[in-house]
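Notes follow once the structure below has been shown.
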Amino acid sequence: MISTRALTRDFVVSRTETVRAVRGISLDVEPGELVAVLGPNGAGKTTTLRMLTTLITPTSGTATVAGYDVTTQPSQVRRRIGYVGQGNGAGHTQRVGDELRGQGVIYGLDRRAAKQRADELLDALELRELAQRKVSELSGGQRRRLDVAMGLVHAPSLLFLDEPSTGLDPQNRANLWDHILRMREEHAMTIVLTTHYLDEADTMAERVVVVDHGEVIADDTASALKARLAGDRLALTVAPSNIARLTALAEKLPGAREVVAVGDELSVRVANGPAALPELIAAAQHNGVPIASAQVHRPTLDDVFLNLTGRSLREESNGKAA
Ligand SMILES: Nc1ncnc2c1ncn2[C@@H]1O[C@H](COP(=O)(O)OP(=O)(O)O)[C@@H](O)[C@H]1O
Ligand SMILES: [Mg+2]
């Protein structure tokens, strides 16, 4: 559905300064995938999406989207994709229903088809009761649902969403996600979205592309990234007199890393915590070391980002929000 090679975009800011916003991104997305592009502010997420949606041209590199080249066949690309930008610009004084019908007409539907499509989307995104409201009167969550509906008017097989849930409270985020996932299931859509919410990328996307400074620094399922780049941490407590023996046993676990004993607590990093924990407990029992408590701490995508960059994405996002 998407294939990019060494996609690059420079912005000439002044005669002496050029910003390289995207630095050689190569990415393949298969039909039906739901891919989250995760990265801090300024990472190049929006610039990448704007190239893939033909709104700006690449400085170098290539990209095909839905089978067409973004540079030489932009109108074919546009016909097959939906794009919901970061903070979209639906007209303010228009009514919700009119806005959706108007969008259908822009995409070449006749008036009857446009009305029918608008009706479907009003129902699908729970906007029916708001159809007569002015866009300017909608809440943030309602507005974002309208944005998504606008992107779906021409039933695209590929949908781009730029930070669809930014600025929404947790309940509205969850609600928007319900709608996105349902639309995806019903219409077998491929979805590429950007987010700087770690938990969102973690729980919603099957695949997470982590970008930083205009480059892809990781690309895998969230669970694979966490297992490979961070690993689970086991934490066990024993009587202080037994900590040395437990430490020795932990060091023998296959793939054990970062074995650290502090007081009566032992911490060890392993690839698969739920599998390694019973193994370690059994070894302890076998050697007459009673375990007082045991826990598996699973890593977060923030641990992954920290591992890759030495910075915490959580802190950066929070810092920005604050
Ligand atoms: N039109 C532009 N002119 C100059 N610099 C830009 C422009 N658009 C984006 N940039 C710069 O490119 C980098 C990537 O921006 P962007 O793609 O918006 O990041 P993200 O969406 O990940 O926050 C940033 O450093 C940003 O300041
Ligand atoms: Mg952006």
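For the stretch 20-69 versus the stretch 176-218, the inter-centroid distance based on Cα atoms is 14 Å. When each of the peptides 133-142, 203-212, 282-291 is scored by how many other beta carbons lie within 10 Å of its residues on average, the order from highest to lowest is 203-212, 133-142, 282-291. When the chain is treated as a Gaussian network with alpha carbon springs shorter than 10 Å, the biggest mean-square fluctuation among Gly273, Gly263, Gly42 belongs to Gly263.
Solvent-accessible surface (1.4 Å probe) assigned to Ser165 amounts to roughly 0 Å².
With a 1.4 Å probe and every protein chain left in place, work out the accessible area per residue of the chain in Å², rounded to a whole number.
48
The share of Cα pairs per 10 Å bin across the stretch 38-89, counted from zero up to the longest distance, runs 25, 51, 24, 1 percent. Considering only Ala248, Ala149, Ala21, the mean-square fluctuation computed in a Gaussian network model of the chain, springs between alpha carbons under 10 angstrom, is largest for Ala248. Ranking of Asp232, Asp169 by solvent-accessible surface, largest first: Asp169, Asp232 (1.4 Å probe, protein heavy atoms only, all chains present). Within the full protein context, the accessible area of Arg173 is estimated at about 40 Å² for a probe radius of 1.4 Å.
Across the stretch 140-237 the C-alpha pair distances fall into 10 Å bins from zero in the proportions 13, 42, 30, 11, 3, 1 percent. Note down the net charge around Arg20, summing +1 for each Lys or Arg and -1 for each Asp or Glu among other residues with Cβ under 9 Å from its Cβ. Here the charged neighbours net out to +1.
The mean sequence separation of alpha-carbon pairs under 8 Å and at least six residues apart, normalised by the residue count of the stretch 231-298, gives a relative contact order of 48 percent. Subtracting the Cα-Cα distance of Thr18 and Ala282 from their residue separation scaled by 0.36 nm leaves 89.1 nm. The H on the amide N of Thr221, modeled in the peptide plane, is under 5 Å from the matching H of Val208, each at least 5 residues off or on a different chain.
Please sort 46-59, 215-228 by packing, taking for each peptide the average over its residues of neighbouring beta carbons within 10 angstrom, highest first.
46-59, 215-228
Computed log10 I(q)/I(0) for the chain at 0.07, 0.11, 0.14 Å⁻¹: -0.38, -0.78, -1.06, from the Debye equation with unit scatterers placed on every C-alpha and solvent omitted. The sum of -39500 (n - 2.57) across all DSSP H runs of n ≥ 4, divided by the residue count of the chain, sets its helix-only mean residue ellipticity at 222 nm to -12000 deg cm²/dmol. DSSP beta bridges fully contained in the chain are about 70 percent antiparallel.
The Rg/Rh ratio for the stretch 83-203, using Cα coordinates for both the radius of gyration and the Kirkwood hydrodynamic radius, is 0.94. Counting lysine pairs in the chain that sit 8 or more residues apart in sequence, or on different chains, and whose Cα atoms lie under 24 Å apart gives 4. Beyond 14 Å, the tail of the calculated P(r) for the stretch 231-298 holds 47 percent of the Cα pairs.
When the chain is treated as a GNM with alpha-carbon contacts under 10 Å, the residue of Arg15, Arg111, Arg298 showing the greatest mean-square fluctuation is Arg15. In µm²/s, what is D for the stretch 1-144 at 25 °C and 0.890 mPa s, where D = kT/(6 pi eta Rh) by Stokes-Einstein and Rh is the Kirkwood radius from Cα pairs? Using the Kirkwood radius from Cα pairs, D works out to 141 µm²/s. Apply the a/c threshold of 1.5 to the C-alpha gyration tensor of the stretch 18-67 and tell me whether it is rounded, prolate or oblate. Here the stretch 18-67 falls in the oblate category.
The gain in end-to-end length when the Arg298 to Glu126 segment is fully stretched comes to 58.3 nm, 0.36 nm per residue minus the alpha carbon separation.
Candidates Gly141, Leu122, Thr166 compared by Cα position along the dipole of the stretch 2-226: farthest toward the positive end lies Leu122, with charges placed on Cβ. Computing the accessible area with a 1.4 Å probe over protein heavy atoms, can you report the carbon and sulfur percentage for the stretch 2-226? Carbon and sulfur atoms account for 47 percent of the accessible area of the stretch 2-226.
The values are calculated or read from the model by the stated rules, or taken from the named source; none is laboratory data. The model shown is predicted, which means the values in this text are computed figures rather than measured ones. For neighbour counting, all protein chains shown are included, and Cβ atoms are generated from backbone atoms with ideal geometry for every residue, glycine included. Note: areas computed on protein heavy atoms with side chains; ligands, DNA, RNA excluded. Shrake-Rupley method; radii C 1.70, N 1.55, O 1.52, S 1.80 Å.
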